[in-house]
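To start, the structure under review is shown below, and the notes come after it.
Here, each number is a calculation from the coordinates, and none is a lab measurement. All values reported here derive from a predicted model rather than from experimental measurement. FYI the Cβ positions are ideal-geometry reconstructions off the backbone, even for glycines, and counts take in every protein chain you see.
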Amino acid sequence: MPSFDETLGQLIGLAASHFQVPATDLNPDDDFFKKLKINSLQALDLLTKLESHFNVELPDYELQGVTDFRTLADRIQARL
């Protein structure tokens, strides 16, 4: 099982690649909606990619109110 920091790093790397932004521009506590300038549909697309990459399923109720990379990584880590 990857460490939390590894999960966070992979998550940020995947988000950066998916939305074609430098990973160095993204910080764990960034609001990914604002930082990536994405809407909820684009966030769902990213979530699908993350679930596939980490081989987890994240229920909607666990993601309500999640807007930063650190919290999202925490939710993913809990499912690994």
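Some observations on this one:
- Inter-part distance where the stretch 1-20 and the stretch 22-46 are each reduced to a Cα centre, Å: 12
- Length gained when the stretch A78-D31 is fully extended (0.36 nm per residue, less Cα-Cα span): 14.9 nm
- Placing pseudo-labels 7 Å out from each Cα toward the beta carbon at V66 and L44 gives an inter-label distance of 1.6 nm.
- Considering only L44, L58, L36, the Gaussian network model of the chain with Cα springs below 10 Å gives its largest mean-square fluctuation to L44.
- Taking amide H as placed 1.01 Å from N in the peptide plane, the amide H of D68 sits under 5 Å from that of F32, each at least 5 places away or on another chain.
- Spin-label model distance (nm) - F19 vs V56, 7 Å beyond Cα toward Cβ: 1.9
- Placing unit charges on the Cβ atoms only, positive for Lys and Arg and negative for Asp and Glu, gives the stretch 4-79 a dipole magnitude near 180 debye about its Cα centre.
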